Amino acid sequence: MTELRHRVATEKELQHQHSEDKGSETEGKERDGASDNETKSDSGVPEVPVSADDTPEVLNKALSGLSSRWRNWWVRGILTLAMISFFFIIIYLGPMVLMMIVLCVQIKCFQEIITIGYSVYHSYHLPWFRTLSWYFLLCVNYFFYGETVTDYFFTLVQREEPLRILSKYHRFISFALYLTGFCMFVLSLVKKHYRLQFYMFGWTHVTLLIVVTQSHLIIHNLFEGMIWFIVPISCVICNDIMAYMFGFFFGRTPLIKLSPKKTWEGFIGGFFATIVFGILLSYVMAGYRYFVCPVEFNNDSNRFTVDCEPSELFQLQDYGLPSVLQSITGWTTVKLYPFQIHSIALSSFASIMGPFGGFFASGFKRAFKIKDFANTIPGHGGIMDRFDCQYLMATFVNVYIASFIRGPNPSKVIQQLLALRPDQQLHIFNSLKAHLTEKGLLPALEEAA
């Protein structure tokens with residue numbers, strides 16, 4: 001009897017232990033399921049198909065005996081030299097060609113980003129996604145470049161009646177075009193895809209903000225003088241190359257997790273190399289009117305001209321050296337262009353903040369599990385891979401010019417005055433005459449005349 005009781009008690013203990021094991025197993029499965037769900041939610045975005053290697057067959061054969069690391073180094077180096085040569089040719093062809101290239105680059109970058117979105121979500125058959133994306137690109141370009149044409153081709157616009165009407169109602173027309181696209185998007189909404197369609201609506205608008213707005217600012221910088229276009233872009237290119245070189249040969253310490261190949265050695269080496277490069281390039285370019293004069297439209301010849309009397313910013317001046325440098329060099333003063341001082345700010349931004357455009361792009365690519373935006377340039381990826389830092393730089397240069405360089409523009413004031421009615425022009429003339437007389441400037445001018 002005692003033995004029977006002991007056996008029943010043992011069986012109860014085993015059953016209780018078994019139920020506890022089951023419970024812990026269930027909890028473990030729930031935890032595993034939750035972690036699996038988390039992983040799935042992280043990887044819920046479909047992967048973009050990996051693009052094929054487009055390296056020219058000639059390079060593949062010539063570099064076949066090298067390791068993948070050195071092979072990639074040579075491919076990047078050769079294609080970088082080719083792109084720099086192409087850049088020099090564009091500069092030689094003049095500002096109009098530069099503007100056209102900027103517009104082409106803008107369209108290609110937009111296409112690469114929109115293609116990623118379409119590759120991710122094409123399986124959901126979202127209606128009108130690509131059509132609306134390109135339509136919004138057209139609307140935004142019409143708005144921005146219409147404003148530019150009105151600013152820089154004012155006299156030509158006023159001469160032609162159709163252009164004058166388009167200029168007068170430009171913003172209303174732009175808004176009407178955008179509103180049409182907005183209504184088309186609302187009409188394209190499908191019940192089972194609401195969320196995805198709004199994702200892609202936001203995707204398109206953020207792409208427009210990043211790509212189109214920045215390219216518009218690049219063209220505005222170009223109108224201030226080609227030096228404001230060439231020096232910032234060259235500093236970003238130099239920093240990219242020198243950071244890669246220093247990181248390739250001396251890199252040991254990782255810089256940021258988003259870009260595992262970026263190192264502190266490359267970052268610091270690229271910074272100092274870019275500062276020196278910016279100062280030297282500015283010194284060479286500041287001596288040529290072709291680079292420093294604003295790009296203006298000549299109404300007589302109906303073409304762009306680059307000719308002016310260089311401002312003080314591009315005239316050599318004496319600067320005193322600190323006592324420490326005087327003792328080392330034996331010089332008390334040095335001759336520099338004031339623009340070279342500004343080039344230090346441009347180079348510093350290109351080296352310190354510019355790479356964050358690249359880090360942003362790296363995070364974007366990691367989110368969609370892609371290596372490059374496209375395979376347009378072997379060894380480099382897509383056009384967007386090369387211009388991810390340039391767009392951030394364009395905004396900085398535009399803000400820098402507006403804050404520290406640009407003053408009132410008399411030619412634009414005169415253009416606006418000529419567009420007024422005769423009675424308004426007379427009123428402004430009398431007001432200006434009274435002001436100059438009060439200041440005592442007008443009698444002096446009359447006596448000189």
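The values are calculated or read from the model by the stated rules, or taken from the named source; none is laboratory data. Please read these numbers as outputs of a predicted model, since none were measured by experiment. All Cβ positions, glycine included, derive from the backbone under ideal geometry; neighbour counts span all protein chains shown. To get the accessible areas, we keep the full protein, side chains included, count just its heavy atoms, and leave off ligands, DNA and RNA. Shrake-Rupley method; radii C 1.70, N 1.55, O 1.52, S 1.80 Å.
Below are the figures for this structure:
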item	result
The range 379-388, subset open to solvent by 20 Å² or more (accessible area, probe 1.4 Å) and either part of a loop (DSSP other than H, G, I, E, B) or not aliphatic (A, V, I, L, M) (or both), residue farthest from residue 272 (Cα to Cα)	379
Test for residue 370: is it out of contact with any strand residue (DSSP E or B) (no Cβ under 7 Å at 6 or more places or on another chain), at negative phi, of a type in the set (Val, Ile, Thr) and part of a loop (DSSP other than H, G, I, E, B)	yes
Selected residue (criterion: least open to solvent (accessible area, probe 1.4 Å)) from residues of the range 280-307 that are in a loop (DSSP other than H, G, I, E, B) and more than 23 Å from residue 100 (Cβ to Cβ)	286
Looking only at the range 119-149, and only at residues there that are modelled with pLDDT under 80 and in contact with a helix residue (DSSP H, G or I) (Cβ under 7 Å, 6 or more places away or on another chain), the one that is most open to solvent (accessible area, probe 1.4 Å)	124
Residue 189 being open to solvent by less than 90 Å² (accessible area, probe 1.4 Å) and more than 28 Å from the chain's Cα centre (by Cα)	yes
Matching residues in the range 251-270 - criterion: being within 17 Å of residue 348 (Cα to Cα), among the hydrophobic types (A, V, I, L, M, F, W, C) and surrounded by 20 or more Cβ atoms within 10 Å (Cβ to Cβ)	267
Failed item in (1) open to solvent by 50 Å² or more (accessible area, probe 1.4 Å); (2) touching a strand residue (DSSP E or B) at 6+ places or on another chain (Cβ under 9 Å); (3) of a type outside the set (A, V, I, L, M, F, W, C), with residue 358 passing the rest	(1)
Sole exception among (1) surrounded by 14 or more Cβ atoms within 10 Å (Cβ to Cβ); (2) modelled with pLDDT of 70 or more for residue 100, by number	(1)
Flag if residue 248 is in contact (Cβ under 8 Å) with a residue 60 or more places away in the chain, over 25 Å from residue 99 (Cβ atoms) and open to solvent by less than 40 Å² (accessible area, probe 1.4 Å)	yes
